[in-house]
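Participant: Next up is a structure, given as structure tokens.
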Amino acid sequence: MRMSFVRPEQWIDTPIVRNVNPLTGLIEGDDNGYRKVRTLRENPAPLVVPNVECRPFYDGIRENGQFDQSLVLPGGLKDRKLVVREKFGRDIENAQRFLTKEFGGEYSICALDGFRSWKRQAAGFSRLLREQMERRGVTVDNVDEQVAAFLEAGNTADGTVSWVNADVTSPLYAALVQELEGDVRFFTQLRDYAATQSGQLEDALDEAFYAYITISTNSDIGRAANRGIPLVFENNAHAGGGACDIFLMDRNGIVLNHIPFDYPGPEAGMDYLEDDANFEKFCAKAVTDEMIRNHLLALGLTPEKFSWNDWTRFRSAIRVLYHLAQAKGWTYYSSDHGGENWHLEGGNILYDALTGDPIDSEASAVAFPDSGNPGHALQRHGREAVAVWGGESGHMAAQKFGL
């Protein structure tokens, strides 16, 4: 099911407009609820290395191609392989050929991450969590006195590098809930936090317990640290191998994005550059925000002199990436807080970007057409969808690459 009929020659001049997805009731790109989508526990579709420029970020390769040991996370594949499901990989290659033909080499695909193991997912979440904790003055030592701030840090981190679900059916989970309910100091803080959330207090309290235990279990910070509570990775966004984080780059190999990979904030929204009022805000933030500032400097730009031409150049590239995804039938992730303008998910049917005609498909498309990862399946079919690429089969396929 192709989503866009905008001709390629119109992509740069056609703004990104995100309407409400009638299947989810959420704005386009918001995949809230993907963790509850049913998955195929078995799918023999292999993982492959897509034949495009790959700069695997979590193996230490920055967007600009430079190696940085501090970026490396555990749980990777042998020889820093970046892999995705076979049909999606071939579709990414097809998309690269299409870009070359239609734009004469002006834009090329740079893949930053694909399949991601649960161990790497939890580590990436934990790294971003610590950054958010630092911003709020929360430390490993004072987390018991800063429960609300710890939750806020975790929820912000989850919006960019999502946590791995804690197993609520585990007896260890239930035992910790009971223990925390009996701790007056802790429980009072959690209840006060829950009272600020929407919905019934009892439901909000259950969600707060879940969030706290999940954040703590992923990071080994807080009261769930070293408790052995299992993590369930079946519905992680990258665990199925159907997601790929993509920046476009110019003919000189310089990436075309105003923010760095994994930047947590509204600037990461797919349509952020469409609002001209954001230009002055971004210029001011580029001077003071260390992540944005260093990113722009690495691209050869001076943050203090970030210009309207720079703004429109990045906007054009993101429009091209967005319309390419629409034409190929891919979905993306972008929510109310920002999202990830780089996170794209393909499906088990490949489409011609010009005609919208199917050109190839995976065997699973017979029973579950236009399905992929949980986020993709949700946005294409609603909450009763079945995702064909789940974490268990993704991890099985990754063993070939040394997981």
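The values are calculated or read from the model by the stated rules, or taken from the named source; none is laboratory data. Predicted, not measured: the structure shown is a model, and the values here were computed from it. Don't worry about glycine lacking a Cβ; one is built from the backbone with ideal geometry, like all the others, and counts go over all protein chains shown.
Participant: Please enumerate the residues belonging to the range 33-70 that are among the charged types (D, E, K, R), part of a loop (DSSP other than H, G, I, E, B) and either surrounded by fewer than 17 Cβ atoms within 10 Å (Cβ to Cβ) or in contact with a strand residue (DSSP E or B) (Cβ under 8 Å, 6 or more places away or on another chain) (or both).
Facilitator: Within the range 33-70, ARG41, GLU42, ARG55, GLU63, ASP68 qualify.
Participant: Another question about this same structure. Among the residues of the range 347-369, how many are without any contact (Cβ under 8 Å) to a residue 12 or more places away in the chain and assigned to a strand (DSSP E or B)?
Facilitator: 1
Participant: Are there any pairs with C-beta distances below 6 angstrom linking a residue in the range 16-40 that is outside the structural domain of HIS376 (by TED's automatic domain parsing) and in contact (Cβ under 8 Å) with a residue 60 or more places away in the chain to a residue that is assigned to a loop (DSSP other than H, G, I, E, B) and among the aromatic types (Phe, Trp, Tyr), with the two at least 6 apart or on different chains, and if so which?
Facilitator: Sorted first by the residue in the range 16-40, then by its partner, the list stays empty.
Participant: Just one of (1) part of a loop (DSSP other than H, G, I, E, B); (2) of a type outside the set (Val, Ile, Thr); (3) closer than 30 Å to ASP59 by Cα trips up GLN197, so point out which.
Facilitator: (3)
Participant: Taking the conditions exactly as written (within 18 Å of the chain's Cα centre (by Cα), surrounded by fewer than 22 Cβ atoms within 10 Å (Cβ to Cβ) and at positive phi), does GLY104 satisfy them or not?
Facilitator: no
Participant: Among the listed residues GLY89, GLY114, GLY124, identify the single one that is in contact with a Pro (Cβ under 7 Å, 6 or more places away or on another chain), at pLDDT 95 or above and closer than 24 Å to LEU403 by Cα.
Facilitator: GLY89
Participant: Right, LEU296: within 22 Å of GLY29 (Cβ to Cβ) and at pLDDT 95 or above or not?
Facilitator: For LEU296, the condition - within 22 Å of GLY29 (Cβ to Cβ) and at pLDDT 95 or above - is not met.
Participant: Give the range 79-90 a look and list any residue that's more than 19 Å from the chain's Cα centre (by Cα) and crowded, with 24+ Cβ neighbours inside 10 Å, or say none.
Facilitator: LYS87 - this is the single residue of the range 79-90 that is more than 19 Å from the chain's Cα centre (by Cα) and crowded, with 24+ Cβ neighbours inside 10 Å.
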